[in-house]
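To keep things clear, I will list the structure first and then write my remarks on it.
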Amino acid sequence: MLIVQGDKILAQMKNVDLEIGNTNFQVGQTYIIQSFEVEINSGQYKATHHAFKINFVKTTKIMLHEIPE
């Protein structure tokens, strides 16, 4: 059994393909995400308290990944 404790992180979509924009992430599922940007989460209004945020870009790929039990 793999147990991972994670924090919330803001993810933004910048000029992404429709396929990525229509991805429905499900709580409890694991995804492999390739080709994205990481930025400092600065600004006056923050959606999360995480120090960083990720940006999905045009070349981002998202794949559902099953973890064996």
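The values are calculated or read from the model by the stated rules, or taken from the named source; none is laboratory data. For clarity, every value in this text was computed on a predicted model and none was experimentally measured. Note that each Cβ is placed from the backbone with ideal geometry, even for glycine, and that neighbours are counted across all protein chains shown. Side chains are part of the model used for accessible areas, which takes the heavy atoms of the whole protein and leaves out ligands, DNA and RNA. Shrake-Rupley method; radii C 1.70, N 1.55, O 1.52, S 1.80 Å.
Annotations
- Residues in the stretch 1-42 that are outside any strand (DSSP E or B), at pLDDT 80 or above and open to solvent by less than 100 Å² (accessible area, probe 1.4 Å) were compared, and the one that is nearest to E66 (Cα to Cα) is Q29.
- Residues (under 15 Å from L10 (Cβ atoms) and in contact with an Asp or Glu (Cβ under 8 Å, 6 or more places away or on another chain)) located in the stretch 21-56: T48, H50, F52, K53, I54, N55
- Close contacts from the stretch 45-69, counting a first residue that is under 14 Å from F25 (Cα atoms) and a second that is open to solvent by 80 Å² or more (accessible area, probe 1.4 Å) and not polar (S, T, N, Q), with Cβ to Cβ under 8 Å and a gap of 6+ residues or different chains, come to F56/M13; F56/K14; F56/F36.
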